[in-house]
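Notes to accompany the following structure.
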Amino acid sequence: MSKHQKQADDEIHEDQLLNFLVNSLDEEVVLGLGNNAEIDAVDILEVLVGACADGTSISELCETSENSPHKNTVLYHLREKFDLASVEQVGNSLLQKDVLEILPKQVEVCADLHLRPYYGDKDETDGLYHSEAKRGTTAFHAYTTLYARVKNKRYTLAV
């Protein structure tokens, strides 16, 4: 091998994983943007996946990242074109796609409840989870993740 050739390593890099996720979602999720839209579905999915990966908001990611579309553009298209129920179904299907072949017949299953504080208008808390006060609020966006645990590794089954 010449010194100019690079040998592929056995690691998955962040950009490869993000590209895989964006491409997988793009194949499965139809956003139905018009021909005159300033951005395309891949732009929106890159912001969405990037914000999830960074544990930040769409607004924060758009404000701090180079070449990101404006936060209002992304949020508008997500509000108007994003069918959350179908995205949830697609996401869970992608998570479970190969898991039945990989996991042994009996596994330990775990569920985690995640609470993200809500600091918005008190009149707009319908649909939010309410709990004892944490971080200055009693209203939270809540979601649960379901995992299979095998040999101390967690495999996400559903969100």
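Quick note: the coordinates plus some simple rules give every number you see, no bench work behind them. Since the structure is predicted, the reported quantities are computational estimates derived from the model, not experimental observations. Backbone-built Cβ (ideal geometry, glycine too); neighbour counts: all protein chains shown.
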For region 19-26, Karplus couplings with θ = phi - 60° (6.51, -1.76, 1.60), whole Hz, Gly/Pro x: 4, 4, 5, 4, 5, 5, 5, 4
FRET efficiency for residue 106 and residue 142, Cβ-Cβ distance as r, R0 = 25 Å, nearest 0.05? 0.30
Fewest Cβ neighbours within 10 Å first, please rank 77, 114 accordingly. 114, 77
Least to most buried among 112, 43 (fewest other Cβ within 10 Å first): 112, 43
